[in-house]
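To start, the structure itself, in structure tokens.
Laboratory data are not the source of any read-out in this text; all were calculated from the coordinates shown. In this text, all values refer to a predicted model and were calculated from it rather than measured experimentally. Note that we place each Cβ from the backbone using ideal geometry, even for glycine, and neighbour counts take in every protein chain shown.
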Amino acid sequence: MNLHAIKAIYRFEMTRFFRTLLQSFISPVVSTSLYFVVFGAAIGSRIDQVEGVSYGAFIVPGLIMLSVMQQATSNGSFGIYFPKFIGTIYEHLSAPINFLEITLGYVGAAATKAMFIGLVILATANFFVDIEIQNWPAMLAFMVLTCVSFALLGFIIGIWASNFEQLQLIPLLVITPLVFLGGSFYSISMLPENWQTVALFNPVVYLISGFRWSFFGMADVPIGISLLAIATFTGLCLAVIWWIFRTGWRLRQ
């Protein structure tokens with residue numbers, strides 16, 4: 001394992017993050033604060049509680065997951081797309097490092113950025129609602145797993161994309177709608193029975209459900225199934241990345 005190569009890629013990506021602090025950090029925090037104002041204050045004033053939890057507190061895990069998934073995917077995709085765009089990806093491919101080391105460097109940095117933003121949003125939420133987290137280890141574990149899995153997905157998107165428009169296509173048209181329909185602002189038990197069945201086909205439901213369980217001890221699906229869903233999704237992403245580097249798909253063009 002070439003730790004020096006992993007460290008070099010990781011440090012370069014983190015340095016770029018802090019150079020664009022306004023776009024990378026302040027923007028998602030402000031956007032999430034607006035969600036609290038709109039959903040927590042406006043809608044929350046009309047919904048007293050959801051399963052014994054105040055609505056303002058209930059949406060906190062969903063808002064954190066929304067930001068974490070978006071940021072992990074965005075940072076993961078742009079991190080690998082930019083060297084492919086300017087041609088420095090060939091230096092990576094010709095250097096004495098394997099695909100796992102390249103992936104660890106870029107995905108590790110993207111996951112760290114998303115994790116950092118998620119924790120800051122969690123701290124920001126305390127200014128709007130009172131939050132008591134029942135299981136801190138589980139909360140951090142779910143957040144780390146989500147950051148890593150969606151950073152891997154972003155890495156795949158960055159390799160697949162051939163222009164900046166495609167880079168934003170899947171996050172905007174696929175991931176964001178799935179998060180909104182995945183119980184981020186409501187419990188799927190509030191849906192009609194038929195729609196509950198349909199919602200279970202949304203993989204994001206399992207992520208948000210497990211994350212909310214770490215806060216309030218309640219979940220829409222069993223916690224074991226949520227962990228299995230995250231592990232399966234992460235494994236599939238790693239398998240796709242291995243295949244990409246093995247075949248050179250979208251890399252050697």
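Below, the figures for the structure above:
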{"quantity": "Calculated FRET value between R252 and M218, using beta carbons and R₀ = 41 Å, to 0.05", "calculated": "0.25"}
{"quantity": "Between helix 3-19 and the chain: long-axis angle, C-alpha atoms, 0 to 90°, nearest 10", "calculated": "60"}
{"quantity": "Rg to Rh, two decimals, where region 133-253 supplies the alpha carbon set and Rh follows Kirkwood", "calculated": "1.03"}
{"quantity": "Euclidean distance between Cα centres, region 140-189 to region 74-118, Å", "calculated": "17"}
{"quantity": "Added length on full extension, which subtracts the Cα-Cα distance from 0.36 nm per residue, F85 to S189", "calculated": "32.9 nm"}
{"quantity": "Cut-off 17 Å, label 7 Å out along Cα→Cβ of T176, residues of region 51-79 by amide N", "calculated": "63-78"}
{"quantity": "Residue order, fewest to most beta carbons within 10 Å, for F211, F25", "calculated": "F25, F211"}
{"quantity": "Helix 136-160 vs. the chain, principal-axis angle (Cα, 0 to 90°, nearest 10)", "calculated": "50"}
{"quantity": "Measure of compaction for region 164-232 (Cα Rg per 2.2 N^0.38 Å)", "calculated": "1.18"}
{"quantity": "Which of E13, E51 has the fewest Cβ neighbours within 10 Å, and the rest in rising order", "calculated": "E51, E13"}
{"quantity": "Over region 3-247, equivalent-ellipsoid semi-axes from the Cα gyration tensor in Å", "calculated": "33, 19, 16"}
{"quantity": "Region 3-247, relative contact order [Cα under 8 Å, separation at least 6], %", "calculated": "26"}
{"quantity": "Theoretical FRET efficiency, 1/(1+(r/R0)^6), r = Cβ-Cβ of A95 and T232, R0 35 Å, to 0.05", "calculated": "0.65"}
{"quantity": "Sequence of S214, S149 once ranked by neighbouring C-beta atoms within 10 Å, starting from the fewest", "calculated": "S214, S149"}
{"quantity": "Inverse mean reciprocal Cα-Cα distance (Kirkwood Rh) of region 44-94, Å", "calculated": "14.0"}
{"quantity": "Cα pair distances of region 98-176 binned at 5 Å [whole percent]", "calculated": "3, 13, 18, 21, 18, 13, 8, 5, 2, 0"}
{"quantity": "The chain - charge dipole about Cα centre, Lys and Arg +1 at Cβ, Asp and Glu -1, debye rounded to 20", "calculated": "860"}
{"quantity": "5 Å-binned pair-distance histogram of region 38-131 (Cα, whole percent)", "calculated": "2, 13, 17, 16, 12, 10, 8, 7, 6, 5, 3, 1"}
